[in-house]
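Worksheet for the structure shown next.
We did not get these values from a lab; they are worked out from the coordinates using the rules stated. Predicted model only: the values in this text are computed from it and were never measured. In this analysis, Cβ positions are derived from the backbone assuming ideal geometry, glycine residues included, and neighbour counts consider all displayed protein chains.
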């Protein structure tokens, strides 16, 4: 059995890492991934996929990426269930990211310029 997923898409928001109660950094992003075919109206549809990044991957992604940037991720699909307030069983599916490749940034900035811009906000 093998659980691995590769996605290339654009960030829908500026990524921001937060700390859990135990002190670990975590970040949840939505990755807009365009489908490889057009629908009946001739338009490419887009899937919005929830991804979770931990520790160093979360830190680096928050430091160097912004809304609209193109990234590639490798990870594993995880599912979980929970009960809603109406006592209904709900399902949650997300990708736990193992690796991120930065394919583009909002500008042609170098890493040093990206750091400077991030620190000036």
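In this entry, residue 24 passes the filter for residues that are farther than 15 Å from residue 100 by Cα and surrounded by 11 or more Cβ atoms within 10 Å (Cβ to Cβ).
The set of residues from region 1-29 being in a loop (DSSP other than H, G, I, E, B) and either under 16 Å from residue 56 (Cα atoms) or without any contact (Cβ under 8 Å) to a residue 24 or more places away in the chain (or both) comprises 1, 2, 15, 16, 17, 20, 21, 22, 23, 24.
Within region 57-71, is there a residue that is in a strand (DSSP E or B) and in contact with a strand residue (DSSP E or B) (Cβ under 9 Å, 6 or more places away or on another chain)? Yes; the residues of region 57-71 include at least one that is in a strand (DSSP E or B) and in contact with a strand residue (DSSP E or B) (Cβ under 9 Å, 6 or more places away or on another chain). Filtered by the rule that a residue be surrounded by fewer than 15 Cβ atoms within 10 Å (Cβ to Cβ), in contact (Cβ under 8 Å) with a residue 40 or more places away in the chain and within 20 Å of residue 2 (Cα to Cα), region 52-91 gives 72, 74, 76, 77.
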